[in-house]
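Trainee: Dropping the structure in here first, questions after.
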Amino acid sequence: MQQSKLFYKANKNKSANAESVSHDLLVRAGYVDQLMAGVYSFLPLGFRVLKNIEQIIRKNMEEIGGQEILMPSLSPKENWVKTGRWDSVDVLFKLKGSGDKEYGLGLSHEEVVAPLAKKIVFSYRDLPFYVFQIQNKFRDELRAKSGILRTREFLMKDLYSFHANQGDLDKYYEICAKAYKNIFKETGIKVYRTLASGGSFSKYSDEFQMLTNAGEDLIYICKKCSIAINKEIKGENPTCPKCGNTEFDEKKSVEVGNIFKLGTKFSTPFDLKFTDRDGHDKPVLMGCYGIGLGRLMGAIVEASHDDRGIIWPKSVAPFKVHLIHLGGPKVKTSADKIYKTLHGEGVEVLWDDRENKTAGEKFAESDLLGIPLRLVVSEKTLEKNSVELKERSKDAVKLIKIKEILKHV
RNA sequence: CGGGGCGUUGUGUAACGGUAGCACGAACGCUUUGGGAGCGUUUAGUCUGGGUUCGAAUCCCAGCGCCCCGACCA
């Protein structure tokens, strides 16, 4: 991609209305644009990051048997009434269509996936199965905050599992927890699996929390065994559920994922059952497993930046290489050649081909954008048939031969 | 939803009730080219509606919007 054609505009001034680091940097570097409180557009740079995160999640969900589907955002009021969530969930967006027909905008998809499963599941032979989607969710949060960390519309991966018995659900729940750990590791952040209350869903759930001051949650990490619990759990029982210790570190954190054992909570209202080996009908047991993609993206920035800008982990970076040329037409021609070579080899490269920008501006913006590898071409480097290579996360620069660039990127 | 703060050009900000200015950006020209470079020209703004006043960005009322704290959080 040539930067002169990229749909974005970076800004030197700090955003006035952005308290959190990720909000400020993502807006300033042109990754996202705020439309209103809690609602954002993802510009090409931001969308590329989002798609990389999406791909990591997709791969891991497919590895544990997840089959990808796409469910609608609109759903009929009746289904929400059936589960009681029309009245009990105050963040549900409700809207009215023609003929005064009422709809709910999906904030999670039990009301859609359970009736769907009912059309496919009849026998124990049809179980278990796992379906997931990556789709926009709508929640009428009382207060959106911290840029893309808490929004009213956001991309979420939600997986639903269906089981014939508790043992099977328990087993899959742990498999999914492991996949989650892997996802967060791949996206470059450290998370704590945190025992939490399940809200209206189940007695207990597990949250995946990343430590950051920009977060809105508090978690308690056992000083002895490093198990983490959230506030509600500590409120109920102030001892470590694993080792009985009572000493905890209190830390601010952001929840990037959450898993629940739903049991029969949603299968019962929709009469979702199956015929077991013994010939008797039994309710299907469900689990649900969510990750907010935009929030994860924000969390990554919170975890990985410096005072000059973002430092993307390679796995999610919008481009792998930021190519910069300094100098006149001759240098630009060489840069163009390098750009085409890299591009031709499938290396994701952003080339700052702008002619009216000074070296300082290009460097400063490169640091702000946070692409992992920077290649600089100038007359100085060309004299040695080389380019300069620098990792965004490090200070060291080194010269590498142009012929050998592909070995380094 | 309670409390607080704030709405001035694309962004960041200034202006006692009296000429809406500065910086960044953007555009053009010339010069420059290894850490946000220089000169010149240009561009674009007082959230909306009322009120007070000779005169309102400024004071008052209402609305809308944004941010923060809290509450809430499938």
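Trainee: Pick out, in residue order, every one of the trypsin sites (Lys or Arg not before Pro) in segment A:72-141 that is DSSP loop and has at most 15 other C-beta atoms within 10 Å; say none if there are none. Display every interim value, and only then the final one.
Mentor: Details: sites: A:Lys77, A:Lys82, A:Arg85, A:Lys94, A:Lys96, A:Lys101, A:Lys118, A:Lys119, A:Arg125, A:Lys137, A:Arg139; in loops: A:Lys101, A:Lys119, A:Arg139.
When the trypsin sites (Lys or Arg not before Pro) of segment A:72-141 are filtered for loop state and at most 15 Cβ neighbours within 10 Å, A:Lys101, A:Lys119 remain.
Trainee: Please report the spacing between the Cα centers of segment A:305-357 and segment A:192-245 in Å, no decimals.
Mentor: 43
Trainee: Longer than 27 Å from Cα to Cα, which of A:Lys5/A:Lys51; A:Lys171/A:Lys203; A:Lys190/A:Lys394; A:Lys137/A:Lys178; A:Lys362/A:Lys407; A:Lys185/A:Lys273 are they? Say none if no pair is.
Mentor: A:Lys185/A:Lys273
Trainee: Could you name the lysines whose alpha carbon sits less than 16 Å from that of A:Lys401, not counting residues in the same chain fewer than 8 places away?
Mentor: In chain and number order, the partners are A:Lys337, A:Lys380, A:Lys384, A:Lys390.
Trainee: List the trypsin sites (Lys or Arg not before Pro) in segment A:231-328 that DSSP assigns to loop (not H, G, I, E or B) and whose Cβ has at most 15 other Cβ atoms within 10 Å. Which are they? Before the final figure, lay out the partial values.
Mentor: On the way: sites: A:Lys231, A:Lys234, A:Lys242, A:Lys251, A:Lys252, A:Lys261, A:Lys265, A:Lys273, A:Arg277, A:Arg295, A:Arg308, A:Lys314, A:Lys320; in loops: A:Lys242, A:Lys265, A:Arg277, A:Arg308, A:Lys314, A:Lys320.
Here the sparse-neighbourhood loop sites are A:Lys242, A:Arg277, A:Arg308, A:Lys314.
Trainee: If you don't mind, another one. Along the charge dipole of chain A, pointing to its positive end and built from +1/-1 on Cβ of Lys, Arg, Asp and Glu, which listed residue (A:Gly46, A:Leu35, A:Thr239) has its Cα farthest out?
Mentor: My answer, from the dipole projection, is A:Gly46.
Trainee: Let me ask you something else. With +1 assigned to the C-beta of every Lys and Arg and -1 to the C-beta of every Asp and Glu, and no other charges, what is the dipole magnitude of segment A:3-306 about the Cα centre in debye, to the nearest 20?
Mentor: Values: 45 positive and 39 negative charges, 125 e Å.
The calculated dipole for segment A:3-306 is roughly 600 debye.
Trainee: Can you give the Rg to Rh ratio of chain A, both from alpha-carbon atoms, with Rh computed by the Kirkwood formula?
Mentor: Values: Rg = 24.5 Å, Rh = 23.5 Å.
Result for chain A is an Rg/Rh of 1.04.
Trainee: How large is the dipole of segment A:180-300 about the Cα centre if only Lys and Arg carry +1 and Asp and Glu carry -1, each at its Cβ, rounded to the nearest 20 debye?
Mentor: 300
Trainee: Right, next: Within the set of other residues whose C-beta is less than 12 Å from the C-beta of A:Gly290, count the net charge using Lys and Arg as +1 and Asp and Glu as -1. Display every interim value, and only then the final one.
Mentor: Numbers: positive: A:Lys137, A:Arg139, A:Lys157, A:Arg295; negative: A:Glu110, A:Asp158, A:Asp206, A:Glu207, A:Glu255.
Around A:Gly290, the surrounding residues sum to -1.
Trainee: Gaussian network model of chain A, Cα springs within a sub-10 Å range: biggest mean-square fluctuation belongs to which of A:Ser200, A:Ser22, A:Ser161?
Mentor: It is A:Ser200.
Trainee: In addition: Give a residue-ordered list of calculated ³J(HN,Hα) values for segment A:89-104 (Karplus: 6.51 cos²θ - 1.76 cosθ + 1.60, θ = phi - 60°; whole Hz; x for Gly, Pro).
Mentor: Rounded to whole hertz, the list is 9, 7, 8, 6, 6, 10, 9, 10, x, 5, x, 6, 5, 9, 9, x.
Trainee: Fewest first, what order do A:Ile291, A:Ile227, A:Ile120 take by the number of other Cβ atoms within 10 Å? Mind showing how you got there, number by number?
Mentor: Values: A:Ile291 28, A:Ile227 18, A:Ile120 10.
The fewest-first ordering by Cβ neighbours comes to A:Ile120, A:Ile227, A:Ile291.
Trainee: So what's the angle, to the nearest 10 degrees on a 0 to 90 scale, between helix A:359-369 and the longest Cα principal axis of chain A?
Mentor: 10
Trainee: Could you list A:Cys243, A:Cys176 in order of exposure, starting from the residue whose Cβ has the fewest other Cβ atoms within 10 Å?
Mentor: Details: A:Cys243 13, A:Cys176 24.
Listing A:Cys243, A:Cys176 from fewest to most nearby Cβ atoms yields A:Cys243, A:Cys176.
Trainee: Under a plain spin-label model, where a point goes 7 Å from the Cα along Cα-to-Cβ, how far apart in nm are A:Leu406 and A:Asp271?
Mentor: Between A:Leu406 and A:Asp271, the label points sit 6.4 nm apart.
Trainee: May I ask you to sort A:Val301, A:Val191, A:Val21, A:Val81 by Cβ crowding, counting other Cβ atoms within 10 Å and putting the fewest first?
Mentor: Details: A:Val301 28, A:Val191 24, A:Val21 20, A:Val81 15.
Listing A:Val301, A:Val191, A:Val21, A:Val81 from fewest to most nearby Cβ atoms yields A:Val81, A:Val21, A:Val191, A:Val301.
Trainee: While we're on this one: Which of the listed residues, A:Cys176, A:Ser205, A:His325, is farthest toward the dipole's positive end in chain A, when Lys, Arg count +1 and Asp, Glu count -1 at the beta-carbon?
Mentor: Towards the positive end, the residue furthest out is A:His325.
Trainee: Residues of segment A:128-157 with the amide nitrogen closer than 12 Å to a label point 7 Å from the Cα of A:Asp168, along Cα-to-Cβ, please.
Mentor: Label zone hits: A:128-130.
Trainee: Across 10 Å bins from 0, what is the distribution of all Cα-Cα pair distances for segment A:27-145, in whole percents?
Mentor: 11, 30, 34, 21, 4, 0
No lab work stands behind these numbers, since they all come straight from the coordinates. Owing to the predicted nature of the structure, the values given are computational and were not obtained by experimental measurement. We place every Cβ from the backbone using ideal geometry, glycine too, and count neighbours over all the protein chains shown.
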